[in-house]
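Please read the structure below before turning to the comments.
The values are calculated or read from the model by the stated rules, or taken from the named source; none is laboratory data. Because the structure is predicted, anything quoted here is derived from the model rather than measured. Quick reminder, even Gly has a Cβ in these numbers, built from the backbone with ideal geometry, and neighbours come from all protein chains shown.
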Amino acid sequence: MPTPLEAASLTTDTSTALAQTASTDRSFARGLMPASMPVQFLDDLGHRVQVFNDDYPEPSSQQLVAAYRAMVIGRRFDIQATALAKQGRLAVYPPSRGQEACQIGSMLALSPDDWAFPTYRDSMALVTRGLDPVEILAVPHGTAHCGYDPRASRTAPQCTPLATQLVHAVGFASGEKRKGRPTVAMAFVGDGGTSEGDFHEALNFAAVFKAPVVFLVQNNKYAISVPISRQSVAPSLGYKGIGYGIASEQVDGNDAMAVLAVLNKAVAHARSGQGPVLVEAHTYRLDAHTNADDATRYRDSAEVEDWLRRDPIPRLEAWLRHKGLIDDAFVALVAHQGEAFAADVRERMAINLAVDPMSLFDNVFATPTPQLLEQRAMLEAELEAEEASR
């Protein structure tokens, strides 16, 4: 039986199979225009819905089963990380329960050689990519600026400033293209981030230079407490790519099958040299913005209950059971792997690490500024005074 981390990781064999699921016609039938309604394959109960066009081939059974496994493990990790924040083991944690289909689907659509440029909320995506969860949590744990090796994992540091990682993704992808490498960059952003200047600059640069980037907008309906209705009056955020000449689409972000189908094609489109793609995934953040937020102050329980009905995990599970691809034994096995994964995270995060307060000043500037040296001296004096008073 694979370990939980191996179960959540994307193997080379699986990547090869996933690449074969992309459409042979990599262009988008509607040109730049997204569908008038989000692309959907499964309804809220996991029943197959009528497909109004054949623009998106159905993902392979192998990819769908891998998505279910990773979604279950990813959610269990997210719940555990939320608990660690409440226990004081993490300074803060931005949960993403409810957004599993977006985060897992994005990783399964990539090859191991592609790059991811995540936001602070995309920890489940990084777990799916195979990064050590303790390294992912290093920043809120206060042990490192970035706990994992970006070059080795082909994953940029999780970005807290809104949308700045999009410019990085476009620049990196353009560089890879110039070197003749078939690398695609998956650039994550939330609905709030689409109002930032960096978002628009990144789209314009990517379109002009045909950078192989897929912009994934996870529209979870709130920019902290600001609802989407107060952020934009566009028909959907998916339309924001049109003005820059970018092929755009919107998808039901809680329908894992639809997310995979759209992102498979988007990645193939970008990799083939036809330019960037913008995909808006309509989803929902079931929990608060972070453990420091009280979501009941700006949304009511009826809204949350409505989105709970659209939970992406039971939705995909119902379809896979209907097709005979999984059974009770498989579901139980994956649940057990999720529990084992969470237990491992919990055990390793329970260790109190020895942290040098003076390390705060390391890796800030190559040559420390006078102000930084002054602050360092002040802290050093305070620590010496505290030690002398004991």
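Among residues belonging to region 214-249 that are assigned to a loop (DSSP other than H, G, I, E, B) and hydroxyl-bearing (S, T, Y), point out the one that is surrounded by the most Cβ atoms within 10 Å (Cβ to Cβ).
By that ranking, first place goes to S236.
Take the conditions part of a loop (DSSP other than H, G, I, E, B), assigned by TED's automatic domain parsing to the domain that holds A101 and within 26 Å of the chain's Cα centre (by Cα) and apply them to T290. Does it pass?
Yes.
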Query raised in the report: What are the residue pairs meeting all of these: first residue in region 25-48, first residue within 13 Å of Y239 (Cβ to Cβ) and touching a residue at least 60 places away in the same chain (Cβ under 8 Å), second residue surrounded by 14 or more Cβ atoms within 10 Å (Cβ to Cβ) and aromatic (F, W, Y), Cβ atoms under 8 Å, and 6 or more apart or on different chains?
Result: P34/Y239
Query raised in the report: Pairs under 7 Å by beta carbon, first residue in a helix (DSSP H, G or I) in region 334-352, partner of a type in the set (S, T, N, Q) and surrounded by 13 or more Cβ atoms within 10 Å (Cβ to Cβ), six or more apart or different chains?
Result: A342/Q80; V345/Q80; R346/Q80
Query raised in the report: If you check V331 against the conditions, is it under 33 Å from the mean Cα position of the chain (by Cα) and either among the charged types (D, E, K, R) or under 30 Å from M71 (Cβ atoms) (or both)?
Result: yes
Query raised in the report: With respect to A85, is the statement that it is out of contact with any Leu (no Cβ under 6 Å at 6 or more places or on another chain) and more than 26 Å from P314 (Cα to Cα) true?
Result: yes
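In the list E201, E176, which residue meets the criterion of being surrounded by 17 or more Cβ atoms within 10 Å (Cβ to Cβ) and part of a helix (DSSP H, G or I)?
None of the other options fit; the residue is E176.
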Query raised in the report: Does D78 meet the test of being farther than 16 Å from R129 by Cα and acidic (D, E)?
Result: no
Requested in this report: Any chance you could count how many residues in region 268-282 are assigned to a loop (DSSP other than H, G, I, E, B) and surrounded by fewer than 24 Cβ atoms within 10 Å (Cβ to Cβ)?
Outcome: 4
Report task. Would you list the helices (runs of 4 or more DSSP H) that sit entirely within region 45-138 and hold 1 or more residues that are in contact with a helix residue (DSSP H, G or I) (Cβ under 8 Å, 6 or more places away or on another chain) and within 30 Å of H322 (Cβ to Cβ)? Result -> 61-86, 100-108, 123-129
